[in-house]
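The values are calculated or read from the model by the stated rules, or taken from the named source; none is laboratory data. Predicted, not measured: the structure shown is a model, and the values here were computed from it. Cβ atoms come from the backbone with ideal geometry, glycine included; neighbour counts cover every protein chain shown. With ligands, DNA and RNA removed, areas are computed over all heavy atoms of the protein, side chains included. Shrake-Rupley method; radii C 1.70, N 1.55, O 1.52, S 1.80 Å.
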Amino acid sequence: MDQVYIRDVAKYIGQQITIKGWLYNKTDKGRLQFLMIRDGTGMIQVVAFKKEMTAEAFEAALAVTQESSLIVSGIVRQDERAAGGFELSLSDIQIVQLTQDYPITPKEHGIDFLMDNRHLWLRSRNQWAILRVRSAVIRAIRDYLDNNGFILMDTPILTPAACEGTTTLFETEYFGEKAYLTQSGQLYNEATIMAFGRTYCFGPAFRAEKSKTRRHLIEFWMVEPEMAYADLEECLRVEENLVSYIIQRTLEECAEELKILERDTSRLEGIVPPFPRISYTDAIAVLKEMGEELPWGEDFGAPHEVAIASRYDKPVFVHRYPAQCKAFYMETDPLDPQLSLSADLLAPEGYGEIIGGGQRTASLELLERRIAEQNLPREAFEWYLDLRRYGTVPHSGFGLGVERTVTFICGIHHIRETIPFPRTLGRIYP
RNA sequence: UCCUCGGUAGCUCAAUGGUAGAGCGACCGGCUGUUAACCGGUUGGUUGUUGGUUCGAGUCCAGCCCGAGGAGCCA
């Protein structure tokens, strides 16, 4: 008999079907056995009554252990007593492999143990839900950009030098020369937009920083749209439209997953454009009122971001940071040369920065001066300077962190659960 | 890199400087509606590591290793 996926069982009420999967949990009631079976698409309760099947089949139902692989056949019934509303009345069961001593029991576990067993932890219900949300978020990002005039431009992962100079890079070897794993594809897409107008790259980024917080991964995924002839205001419009689209699509496609995660979705439903905006300088004043005083010119720390974001139900843009807080390529605010045309997007509920971006400078002179001031290796940036020599235009772009966005949408505590195999400080196994 | 907390049974955790324990898991038995089922029984230990103090160290001290949370930096 052909395999039926658990997500489709509602179409088979009263019919005999076959499900191929694994045993998630079992309740032994003597002559009555409840088997919770998962197949990747969902879970269903399988009910085995001793008197309704052969002795061999009931013996197999008794013997099967947690995470054994198995193939079951039976009739689909609608039953309110079953989680999910459907169950399978078992008629036959074939054990593909009888698992012994599966390490992750249905009880509680510590994070060290779970991380060491990440390859198995992925099978657990919450991890299943989170990683399906991740997939939906990525799909939404790509659909939005593909449908709004952006061209995908894959940028290199092996690079000759720092994109931004300051942060720590993973060094490797490239046929006798030093090479580095990319931190960002942005500079390359400042080149591609001069050929294609609007582009984006979507790939992993690597930061060899010794960051050890629930918001950091060493290897994470980032989407970086870049737009020619776009100023800061246009950039923010694209950002708020993209983020709103991601959230609304995820609410539509992942209702079950968000329910498993016990996410309060009412806090996501209202996230539609426009998003609130506050300038850096105004934010400093607000922080002073809130008792989080910070001297003008210093960059926000995590507590400052949380304090600002806590004042809004939607993500909030903080714009026009002092130039000294931001990277060398940021455009200067024509109204105040101390400021940059930059903006970060801070998520609500304490989830922090999910986007950083802004308008890039179009000025050859400013770029040359900044590169000299910050002692960056000018030779490595000659191609980048060419972009200001040959048809420079105002342009903007931003980077959205996939895992931070998924953490926020799922309403979970730690970013490490939003990627199948997280690379965190000091942990590269499995 | 800095600060804080932790490391005891397969897992989660107890244990005034004085006989290393419980729950879960596993195993055996019972139960026809469980939802982390429940009930009875059995099993389970180089207390991270090296040294020190002490009649006696899981417990106190020092170093080291590993992990977690936070800071800085950032998405």
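For the range A:386-406, state whether one or more residues are among the hydrophobic types (A, V, I, L, M, F, W, C), in a loop (DSSP other than H, G, I, E, B) and touching a Phe, Trp or Tyr at 6+ places or on another chain (Cβ under 8 Å). Yes. Selection of the range A:118-139 for residues being over 20 Å from residue A:250 (Cβ atoms) and in a helix (DSSP H, G or I) yields A:118, A:119, A:120, A:121.
Filtering the range A:83-117 to residues that are assigned to a loop (DSSP other than H, G, I, E, B), more than 6 Å from RNA strand B (Cβ to nearest atom) and farther than 15 Å from residue A:22 by Cα leaves A:84, A:85, A:117. Cβ-Cβ distances below 6 Å connect the following pairs, each with a first residue in the range A:27-44 that is open to solvent by 10 Å² or more (accessible area, probe 1.4 Å), a second residue that is of a type in the set (S, T, N, Q), and a separation of six or more residues or different chains: A:34/A:27; A:34/A:45; A:36/A:25; A:36/A:45. Scanning the range A:284-321 for residues that are at pLDDT below 95 and either within 28 Å of residue A:381 (Cβ to Cβ) or in contact with a strand residue (DSSP E or B) (Cβ under 8 Å, 6 or more places away or on another chain) (or both) turns up A:286, A:296, A:297, A:298, A:299, A:300, A:302, A:305, A:306, A:308, A:309. Cβ separations smaller than 6 Å between residues 6+ apart or across chains give no pair from the range A:65-81 residues that are closer than 26 Å to residue A:104 by Cβ and at pLDDT below 95 to residues that are in a strand (DSSP E or B) and near RNA strand B (Cβ under 8 Å from one of its atoms).
Going residue by residue through the range A:372-385, is there one that turns out to be within 30 Å of residue A:257 (Cα to Cα) and either crowded, with 17+ Cβ neighbours inside 10 Å or without any contact (Cβ under 8 Å) to a residue 24 or more places away in the chain (or both)? No, because not a single residue in the range A:372-385 is within 30 Å of residue A:257 (Cα to Cα) and either crowded, with 17+ Cβ neighbours inside 10 Å or without any contact (Cβ under 8 Å) to a residue 24 or more places away in the chain (or both).
Across the range A:325-362, the qualifying residues are those that are closer than 26 Å to residue A:378 by Cα and of a type in the set (Ser, Thr, Tyr), and the one among them that is most open to solvent (accessible area, probe 1.4 Å) is A:332. Residue A:408 meets the conditions (1) in contact (Cβ under 8 Å) with a residue 60 or more places away in the chain; (2) touching a Pro at 6+ places or on another chain (Cβ under 7 Å) in every case but one. The failed one is (2). Being open to solvent by 10 Å² or more (accessible area, probe 1.4 Å), out of contact with any helix residue (DSSP H, G or I) (no Cβ under 6 Å at 6 or more places or on another chain) and closer than 17 Å to residue A:405 by Cβ holds for only one residue in A:219, A:177, and it is A:219. Residue A:91 meets all of the listed conditions (1) more than 34 Å from the chain's Cα centre (by Cα); (2) within 25 Å of residue A:128 (Cα to Cα) but one, namely (2).
Take the residues in the range A:19-68 that are of a type in the set (D, E, K, R) and within 9 Å of RNA strand B (Cβ to nearest atom), then tell me which one is nearest to residue A:98 (Cα to Cα).
Once the filter is applied, the top-ranked residue is A:26.
Looking only at residues in the range A:187-203 that are polar (S, T, N, Q) and not in a strand (DSSP E or B), the one that is farthest from residue A:401 (Cα to Cα) is A:192.
If you go through the range A:123-142 and keep only what is open to solvent by 20 Å² or more (accessible area, probe 1.4 Å) and touching a helix residue (DSSP H, G or I) at 6+ places or on another chain (Cβ under 7 Å), you end up with A:125, A:126, A:132, A:134, A:138.
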